[in-house]
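Taking it in order: structure first as structure tokens, then the write-up.
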Amino acid sequence: MMNAMSPTSHQRYRSVFISDLHLGTRGCRSDFLADFLRRTSCDQLYLVGDIIDGWRLRKSWFWDEAHDDVLRLILKKAQTGTEVTYIPGNHDEMLRHWLPMGLEMGGIRLRSEAVHTTADGRKLLVIHGDEFDSVVRYAKFLALLGDWAYTVTLTINRWFNLVRRHMGLPYWSLSAWLKRRVKEAVKAIDRYEIALAGEARRRGLDGVVCGHIHHAEMREVGGVLYINDGDWVESCTALVEHLDGRLELVDWAELNRLSFFTPRNSLPVTQPA
């Protein structure tokens, strides 16, 4: 893991992969993400699905200044030389209807998936991953029910952590704890990882980069590199490729000692280098 960065430092990468931003929801830490986008630059930026949460926006609208900042920063990168590839997920599935057209919006390429070649020659499948989640693929009603339960969990988590804050205790993620402790959740994550790694192996690739399950991970699965870049609701993580091809999961909140108790839009704004 990287050492802590100063608030004004700037980091350059060859490639950056982010997913599960869930813009349009109160759970999205768009302020942390905007900070990340301002203080990093890259040649290639992959948006690996669930960037905008269409499921939630159909029910209720939430959009603040930090959400606008995120979109402006992504568009600015696309217009100043960064290759931006947007791979829709299940929460922004409305964009999948446009995939056959091969659209490019504001310099952002819309693709169903991609194959990324690292600086050291490894070929990685880049895909959101919901196609390999049996709940989403075969029973959308159950997936929507799960989305509702997840939203409720985040709400409970928010109030629970307000109490912890008053007690002088650090932030603690209930949903992340449930994923690690509930036996069936652990089994589901394991099956998901095996399925994604198996697909990369079937195609003769060296690894896979995905999102979807909000569980950042990088490990070998059956001789194939499996990487999940996490999310920007609970963990605020990204996958980065250094200039030499080395891959690293970056926990932006932990790296910069950002507090989940920090009110939104209260981070100091730093200008990109």
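Taken together, the values in this text are just the output of simple stated rules run on the coordinates, not laboratory data. This one's a predicted model, so the numbers in the text were calculated from it and none came from an experiment. Here the Cβ is made from the backbone with ideal geometry for all residues, glycine too, and neighbour counts use every protein chain on show.
Worth pointing out:
- What the Cα atoms of segment 1-96 give is an Rg and a Dmax of 13.7, 41 Å.
- Cross-link partners for K59 among the aspartates and glutamates, with Cα-Cα distance under 17 Å and sequence neighbours closer than 8 places in the same chain left out: D50, D92, E93, D147.
- The HN-Hα couplings worked out from phi for segment 203-213 by the Karplus form 6.51 cos²θ - 1.76 cosθ + 1.60 (θ = phi - 60°) are 8, x, 9, 8, x, 9, 10, 9, x, 6, 9 Hz, whole numbers, x standing for Gly and Pro.
- Net charge of neighbours whose Cβ lies under 10 Å from the Cβ of L21, counting Lys and Arg as +1 and Asp and Glu as -1: -4
- Per-pair calculated FRET efficiency, R0 = 25 Å: W63 and H97 via Cβ, rounded to 0.05: 0.65
- Residues whose amide H comes within less than 5 Å of that of G230, counting only those at least five positions distant or on another chain, are H215, A216, E217 (H built at 1.01 Å from N in the peptide plane).
- Taking Cβ atoms as reference points and 12 Å as the exclusive limit, the residues near R203 contribute a net charge of 0, counting Lys and Arg as +1 and Asp and Glu as -1.
- 3J(HN,Hα) along segment 49-57: x, 6, 6, 10, 8, x, 4, 6, 5 Hz, from the Karplus curve 6.51 cos²θ - 1.76 cosθ + 1.60 with θ = phi - 60°, whole Hz, x for Gly and Pro.
- Per-residue 3J(HN,Hα) values for segment 81-91, derived from phi via the Karplus relation 6.51 cos²θ - 1.76 cosθ + 1.60 with θ = phi - 60°, read x, 7, 7, 10, 10, 10, 10, x, x, 6, 7 Hz in sequence order (x marks Gly and Pro).
- Subtracting the Cα-Cα distance of L243 and R203 from their residue separation scaled by 0.36 nm leaves 11.8 nm.
- Taking other residues whose beta carbon is less than 10 angstrom from the beta carbon of D229, and scoring Lys, Arg as +1 and Asp, Glu as -1, yields -3.
- Computed over segment 1-85, relative contact order equals 37 percent, with contacts defined as Cα pairs under 8 Å that lie 6+ residues apart.
- Close amide H contacts of H212 (hydrogens built in the peptide plane, cut-off under 5 Å, sequence separation of 5 or more or a different chain): D20.
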